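The values are calculated or read from the model by the stated rules, or taken from the named source; none is laboratory data. Treat the numbers as computed from the prediction; the structure is a model and nothing was measured. A quick note on method: Cβ atoms are made from the backbone with ideal geometry, for glycine too, and the neighbour counts reach across all protein chains shown.
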2 protein chains.
Amino acid sequence: MGKTATKLGHDEVVATALDLVVREGPDALTMRRLATELDVGTPTIYWHVGSRDELITAMVRTQSRRLADRPVTGGTPRERVLSAAFNLYAGAIEHRSVTSLANQSGASSLLLQDLEAVLLAELEAAGLAGDACGDALRSILVVVTGALVLTLRDYAHLPEDDRAATLWAGCDLEALTTETLRAVVHHHVPGEEPT
Amino acid sequence: MGKTATKLGHDEVVATALDLVVREGPDALTMRRLATELDVGTPTIYWHVGSRDELITAMVRTQSRRLADRPVTGGTPRERVLSAAFNLYAGAIEHRSVTSLANQSGASSLLLQDLEAVLLAELEAAGLAGDACGDALRSILVVVTGALVLTLRDYAHLPEDDRAATLWAGCDLEALTTETLRAVVHHHVPGEEPT
DNA sequence: ACCTGAACACCGTTCAAGT
DNA sequence: ACCTGAACACCGTTCAAGT
């Protein structure tokens, strides 16, 4: 099984690791398991990527690049910024196993890094610059990160919870994210002035 | 060493585990290490708390209760809600090792659970009810969770990052959190009407 | 330069057995 | 009911040794 071994290099190890996590979840990412997947001895992986932490960093960075393809929609600057921000959330949720892995490893911010550029462009197009632009960007990232963590909460395998059920049960997390994002976008991005 | 063994029960195991994490960080929490700390065989811990996940759940729940003491300040409803919300953030940051453990385990929302009651009371005092109240509460929790994750980002031991440095270097995370919270609080909580 | 077998020092968890 | 020694089935990582 597995691909016909062309040569094996750093990038192929990272790609296979991502594939493994997508297929079998974050817990399946084991150096030995990954080695088996590549038909290779375990130390080989260390030779190519250094360590498990470095591997995860490389994986998240790659995933970050892959997420940057979603088109930004909307007519007004506020709508476009909101769209770009929601794209961060939607993309990360779509590959939830990789996002979960990033969260567990404290690499959530790294996952959003390449997407920040898209968002930044929209913010500048909306007329923001300097500190105002950075503040807006950071605020939006706070909301996206929080929304991701709370959405993937039950992806963790912890015991159930009583009261949280009443607060989050049947809650539309996409709508919550949009609404929260709208609040901070409206706060930072100027809207249409009535002529 | 250690306390004179009174009896050893579920709560003492949890308390000792919390103490260990506060003193030596999240990674020090090992069943064997905890057993040593309690002068007890490893299986004894399993007898009292069931498993590592159940232990962490109990720890986070206890920590959640301990965080609920901060006083709410402010004159207007908006100020009081903002104060209560920021208290969630400040309390969790003050015990960052426990918060980090909760994040890694996907129990962040559990950590904030007891604090939600305080926040809920302020929201209701501000005149919110029903869905509007729940929406406001959930939005605020999104922001607090995101702020926590981004603040504790470097608590993880992942390799450094280049561009993120320019975006987050020298950034006042408390101010960012306050500002982002203000945006969603203003969005949800009605302000003073000019008479 | 690239890859390996074998080992080191750990994990979480279980289980028969003790009192 | 409460506690243990010893084991099972894993981990991440290293290292001498191969080609």
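Structural remarks
- Hits in segment B:38-72 (condition: modelled with pLDDT of 95 or more, surrounded by fewer than 13 Cβ atoms within 10 Å (Cβ to Cβ) and away from DNA strand D (no atom under 13 Å from the Cβ)): B:51
- Within the set B:84, B:136, the sole residue that is within 21 Å of residue A:180 (Cβ to Cβ), touching a residue at least 40 places away in the same chain (Cβ under 8 Å) and of a type in the set (Gly, Ala, Ser) turns out to be B:136.
- Figure legend. Inter-residue proximity from segment A:50-79: first residues within 14 Å of chain B (Cβ to nearest Cβ), second residues basic (Lys, Arg) and more than 16 Å from DNA strand C (Cβ to nearest atom), beta-carbon distance below 9 Å, spacing 6+ or different chains. Indicated pairs: A:78/A:182.
- Looking across segment A:29-53, not a single residue is hydroxyl-bearing (Ser, Thr, Tyr), within 8 Å of DNA strand C (Cβ to nearest atom) and part of a loop (DSSP other than H, G, I, E, B).
- Among the residues of segment A:88-121, the one identified as crowded, with 22+ Cβ neighbours inside 10 Å and away from every other protein chain (no Cβ under 14 Å) is A:98.
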